[in-house]
Amino acid sequence: DTAVSQTPKYLVTQMGNDKSIKCEQNLGHDTMYWYKQDSKKFLKIMFSYNNKELIINETVPNRFSPKSPDKAHLNLHINSLELGDSAVYFCASSPQTSGREGEQYFGPGTRLTVT
Amino acid sequence: GNSVTQMEGPVTLSEEAFLTINCTYTATGYPSLFWYVQYPGEGLQLLLKATKADDKGSNKGFEATYRKETTSFHLEKGSVQVSDSAVYFCALSDPGGSEKLVFGKGMKLTVNP
């Protein structure tokens, strides 16, 4: 059983388009995240939701909009895509359990290429 | 702010060699410390963690000790295998309890037979 899944795995699109990436977790976790990993493997948090509420919103262009329809899903919508948005985007989730702080479970990633 | 500095590599070792990946951190308060591993084409996986000073985390032959006096959490393995080839990330959790992880830049390890 896949714990954290993302679709699509690969996304190739042109500048100016709007695209979405979906994430689902079946672990029963309350908190979900989106990370961006650049070509040098540097990983940076973008957003975090706890039980459908936004709790972390890093300095991310407002072209990026997360949406959490329920606590098992966190989708990422990107408007007006730019070349610099090309990266691998990871979804993750974590339990809100004492003693397990910081333990995060990552999806397989979505490689976005903007041409 | 909180930050993590780690060896960037890339590093290439022969099978059965000793591995050390240095990691130091800067944080206010007392963060928990983590090593995550990313195998080729996959997402990150938690490798080990330590939540307070002098704690040792261990898993799959890897070890790291939380050293408050040197603000370090170096990863070690006595004998690496080809299957250990991956990118290794040191991370700390925000002591403020926000569940936010701050990652180092990652180090790519290649182990040759």
Checklist outcome for this item: All-but-one check, B:GLY104 against (1) within 14 Å of chain A (Cβ to nearest Cβ); (2) without any contact (Cβ under 8 Å) to a residue 12 or more places away in the chain; (3) not aromatic (Phe, Trp, Tyr), failing number (2)
Item to check | Odd one out for A:LYS9 among (1) of a type outside the set (Ser, Thr, Tyr); (2) without any contact (Cβ under 8 Å) to a residue 60 or more places away in the chain; (3) surrounded by fewer than 15 Cβ atoms within 10 Å (Cβ to Cβ) | outcome: (2)
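Report whether or not B:PHE89 is under 15 Å from the mean Cα position of the chain (by Cα) and facing another protein chain (nearest Cβ under 10 Å).
On the way: under 15 Å from the mean Cα position of the chain (by Cα): yes; facing another protein chain (nearest Cβ under 10 Å): yes.
When the stated conditions are applied, B:PHE89 passes them.
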Checklist entry - In region B:30-51, what residues are closer than 19 Å to B:LYS100 by Cβ, more than 8 Å from chain A (Cβ to nearest Cβ) and not in a strand (DSSP E or B)? => result B:TYR30, B:PRO31
Checklist entry - In this structure, does A:LYS44 turn out to be at pLDDT below 95, of a type outside the set (A, V, I, L, M) and closer than 20 Å to A:PRO108 by Cβ? => result yes
Next on the checklist: Any residue that is closer than 30 Å to B:GLY9 by Cα and part of a loop (DSSP other than H, G, I, E, B) - is there at least one of those in region A:12-28?
Outcome noted: no
Checklist outcome for this item: Within region A:72-115, the count of residues that are outside any strand (DSSP E or B) and away from chain B (no Cβ under 14 Å) comes to 10
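So in region B:8-29, with the set limited to residues that are over 12 Å from the mean Cα position of the chain (by Cα) and among the β-branched types (Val, Ile, Thr), which one is nearest to the other protein chains (Cβ to nearest Cβ)? I'd like the intermediate steps shown before the answer.
To start, the set of residues in region B:8-29 that are over 12 Å from the mean Cα position of the chain (by Cα) comprises B:9-18, B:26-29.
Narrowing further to those that are among the β-branched types (Val, Ile, Thr): B:11-12, B:26, B:28.
Working: B:VAL11: 13, B:THR12: 16, B:THR26: 17, B:THR28: 16 Å.
Looking at the filtered set, the residue picked out is B:VAL11.
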Checklist outcome for this item: Scanning region A:29-71 residue by residue, those within 13 Å of another protein chain (Cβ to nearest Cβ), more than 23 Å from B:GLY41 (Cβ to Cβ) and in a loop (DSSP other than H, G, I, E, B) turn out to be A:HIS29, A:ASP30, A:ASN51, A:GLU58, A:THR59
Checklist entry - List, please: which pairs have Cβ atoms under 6 Å, are six or more places apart or on different chains, and start with a residue in region B:7-27 that is within 16 Å of B:PHE62 (Cβ to Cβ) and end with one that is β-branched (Val, Ile, Thr) and part of a loop (DSSP other than H, G, I, E, B)? => result B:LEU13/B:VAL80; B:ALA17/B:VAL80; B:LEU19/B:VAL80
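The values are calculated or read from the model by the stated rules, or taken from the named source; none is laboratory data. Everything numeric here is computed off the predicted structure, so don't read it as measured data. For neighbour counting, all protein chains shown are included, and Cβ atoms are generated from backbone atoms with ideal geometry for every residue, glycine included.
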